[in-house]
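Contents: one structure, followed by commentary.
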Amino acid sequence: MIDPASQFGEDHETIWRLITDKLQEEIPRQSYLTWFKPLEPLSFTDRVLILKIPSRFYYDWIESHYSDHLKRAISATLGQEIEIVYDIDSSKPSPSVSRALKVQETTRSPSFRGMAENSRLNPRYRFDSFIEGDCNRFARAAAMSLADAPGRTPFNPLLIYGGSGLGKTHLMQAIGNHVEENGFARKVLYVTSEQFTTDFIKSIQTRRSESFSRIYRNADVLLLDDVQFFMAKDKTQEEFFHTFNSLHQAGKQLVFSSDRSPNDLESFDERLISRLQWGLVAELRLPEYETRLAILKNFASDEKIELPDDIAHFLAIHVTDNVRSLQSALIHMLAQSSLIGRRITMELARDAIKNLGKQVFREMTVEQIQDVVARTLGVPADLLRSKTRKREVVFARQVAMHLAIEFTRLTLKAIGLHFGGRDHATVIHARDNIEQIIKRDHKKAELLADLRHKLELASL
Ligand code: ADP
Ligand code: MG
């Protein structure tokens, strides 16, 4: 055990070197070089280590991927907790970053700090940085209207639910930030359900249940994130139930999030499920292509990254699972490009997508698709672009149109133009017709599958 203060005085560099030596044993070298090498220790006083960090992307990434590693490395080398404060490198031209400047911590722990007295909202989670799309319009609107009049709208409680990485935390904290900035309530408390549980258990162990109630029942706006965490925790659910009743009766604003719909909360008290739905339930769905594109462009401009349109488009068609993955892809490219001094290229984008564990296919041109289809079906490719209405050619042409819809992002109209200037209705007809054919003709279905496979291979 080493007492960092006495052993090293104020030597931040030694401390950081010890921690990173340990870290390097735990994480892959490439990850270490990418994420930790660029950090620079600035000072160490009163058990607070200040690290300079290149941008908020680094902070987010480290926070979500390595905070446990970091904690372990700290406790293994120093034998006690210290606080890490990130100072975002403000010499870099990035306005949103300098706004978010500083004081973000990763090593804070309940035993060290006591209960969640303060909400510690992330200043970056705001309504204006939350891109609107069909997938979130309703939830966003509800959140915005209650943030203007907490406790005084019918949206009480508001329950936001949706899969991981779709923006629940962002939206909840945006409510908190908005309320705080405008002074619409005295006390805003944002807390994860995990923290709520920890606080509750600790209050029983230390027989300080009054302080627990004082903190939680004094909130004017309680933002409780990820309530699915209460599943199968009967005692905590009960406490949550009492907290709910007490605040709701007092007209305080309640906002909850869950990664699933209330009816899918297993082993949840029925009374609680019903209360969660008293106000408004709003779902966050997967963003559609246009929203994904808008989100990417927004991230990029926040970070002052030049993101060419074709690359944005490429990422938006490949990364469909959630917003966090979109962000990860961008962060990965950013890290690679600044590390190796490369510009953002298609190659980097493909790399980033592979890094997310996704299959990458290159967008193909209609001509490439026509060639593969023509070769496989023994029809001259030129004829696919001609006016010929010979049966074999019509079939091959329709198959190629069908695949062009799948393997390119061209509009139906643009696809039609590549087939001898046909209109978009013809392309739709081709798609529908092929779909009908493969339903009843399994040989043709196999043929199509085979073609698809060929195209996938050709485009990798
Ligand atoms: P969840 O809590 O649902 O798992 P988060 O709120 O943590 O998801 O969102 C993951 C990341 O995606 C965050 O960095 C968040 O800022 C970002 N994000 C999610 N939805 C949007 C959106 N509509 N516009 C901009 N950023 C978004
Ligand atoms: Mg969350």
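The values are calculated or read from the model by the stated rules, or taken from the named source; none is laboratory data. From a predicted model like this one, the values you see are computed outputs, not experimental measurements. Heads up, the Cβs are rebuilt from the backbone with ideal geometry, glycines too, and the neighbour counts pull from every protein chain shown. Note: areas computed on protein heavy atoms with side chains; ligands, DNA, RNA excluded. Shrake-Rupley method; radii C 1.70, N 1.55, O 1.52, S 1.80 Å.
Please find, within segment 44-74, the residue that is nearest to Ile15 (Cα to Cα) out of those that are among the small types (Gly, Ala, Ser) and surrounded by fewer than 16 Cβ atoms within 10 Å (Cβ to Cβ).
Looking at the filtered set, the residue picked out is Ser67.
The set of residues from segment 402-421 being surrounded by fewer than 20 Cβ atoms within 10 Å (Cβ to Cβ) and not in a helix (DSSP H, G or I) comprises Thr408, Arg409, Leu410, Thr411, Gly420, Gly421. Quick one: is Pro123 part of a loop (DSSP other than H, G, I, E, B) and modelled with pLDDT under 95? Answer is yes for this residue.
Test Arg292 against the criterion of being among the basic types (Lys, Arg), buried (at least 21 other Cβ atoms within 10 Å of the Cβ) and within 14 Å of ligand 1 (Cβ to nearest atom), and give yes or no. Outline the logic, then answer.
Working: among the basic types (Lys, Arg): yes; buried (at least 21 other Cβ atoms within 10 Å of the Cβ): yes; within 14 Å of ligand 1 (Cβ to nearest atom): yes.
For Arg292, the condition - among the basic types (Lys, Arg), buried (at least 21 other Cβ atoms within 10 Å of the Cβ) and within 14 Å of ligand 1 (Cβ to nearest atom) - is met.
Whether a residue is exposed (fewer than 15 other Cβ atoms within 10 Å of the Cβ) and modelled with pLDDT under 90 was assessed, and Ile311 does not pass this test. Asp351 passes every criterion in (1) under 20 Å from the mean Cα position of the chain (by Cα); (2) at pLDDT 85 or above apart from (2). For segment 234-249, the condition of being in a loop (DSSP other than H, G, I, E, B), away from ligand 2 (no atom under 16 Å from the Cβ) and either open to solvent by less than 40 Å² (accessible area, probe 1.4 Å) or not β-branched (Val, Ile, Thr) (or both) holds for none of the residues. Going through segment 137-175 one residue at a time, which ones are among the charged types (D, E, K, R) and within 8 Å of ligand 1 (Cβ to nearest atom)? Within segment 137-175, Arg140, Lys168 meet the criteria. Every test in (1) assigned by TED's automatic domain parsing to the domain that holds Gly163; (2) outside any helix (DSSP H, G or I) is passed by Lys304 save one, and that test is (1). Against the conditions (1) more than 16 Å from ligand 1 (Cβ to nearest atom); (2) in contact with a Gly (Cβ under 9 Å, 6 or more places away or on another chain); (3) within 23 Å of Phe130 (Cα to Cα); (4) of a type in the set (A, V, I, L, M), Ala250 satisfies every one except (3).
Which one of these is in contact with a strand residue (DSSP E or B) (Cβ under 7 Å, 6 or more places away or on another chain), more than 15 Å from ligand 1 (Cβ to nearest atom) and open to solvent by less than 10 Å² (accessible area, probe 1.4 Å): Val227, Val221, Val191?
Val221
Please work out if Leu171 is within 14 Å of ligand 2 (Cβ to nearest atom) and open to solvent by less than 30 Å² (accessible area, probe 1.4 Å). Break it down into steps so the answer makes sense when it comes.
Working: within 14 Å of ligand 2 (Cβ to nearest atom): yes; open to solvent by less than 30 Å² (accessible area, probe 1.4 Å): yes.
Yes, satisfied.
One residue is enough: does segment 315-323 have a residue meeting the conditions part of a helix (DSSP H, G or I), outside the structural domain of Ala445 (by TED's automatic domain parsing) and modelled with pLDDT of 90 or more? Yes, the conditions are met somewhere in segment 315-323. Scanning for something hydroxyl-bearing (Ser, Thr, Tyr), part of a helix (DSSP H, G or I), within 14 Å of ligand 2 (Cβ to nearest atom) and open to solvent by 10 Å² or more (accessible area, probe 1.4 Å), does segment 197-217 turn up at least one residue? No, segment 197-217 contains no residue that is hydroxyl-bearing (Ser, Thr, Tyr), part of a helix (DSSP H, G or I), within 14 Å of ligand 2 (Cβ to nearest atom) and open to solvent by 10 Å² or more (accessible area, probe 1.4 Å).
May I ask you to verify whether His178 is open to solvent by 10 Å² or more (accessible area, probe 1.4 Å) and within 16 Å of ligand 1 (Cβ to nearest atom)? Let's see the steps before the verdict.
Values: open to solvent by 10 Å² or more (accessible area, probe 1.4 Å): yes; within 16 Å of ligand 1 (Cβ to nearest atom): yes.
Judged against the criteria, His178 is a match.
Considering the conditions (1) surrounded by 17 or more Cβ atoms within 10 Å (Cβ to Cβ); (2) within 13 Å of ligand 1 (Cβ to nearest atom), Asp134 is excluded by exactly one of them, (1). For beta carbons closer than 7 Å, sequence separation of 6+ or different chains, a first residue in segment 197-223 that is touching a residue at least 60 places away in the same chain (Cβ under 8 Å) and among the basic types (Lys, Arg) and a second that is open to solvent by 20 Å² or more (accessible area, probe 1.4 Å) and part of a helix (DSSP H, G or I), the qualifying pairs are Lys202/Pro110.
Is it the case that segment 132-145 has a residue that's farther than 29 Å from Phe299 by Cα and touching a Leu at 6+ places or on another chain (Cβ under 9 Å)? No; the residues of segment 132-145 include none that is farther than 29 Å from Phe299 by Cα and touching a Leu at 6+ places or on another chain (Cβ under 9 Å). Taken together, Phe299, Phe230 contain a single residue that is within 16 Å of ligand 2 (Cβ to nearest atom) and either more than 19 Å from the chain's Cα centre (by Cα) or in the same structural domain as Asp351 (by TED's automatic domain parsing) (or both), which is Phe230.
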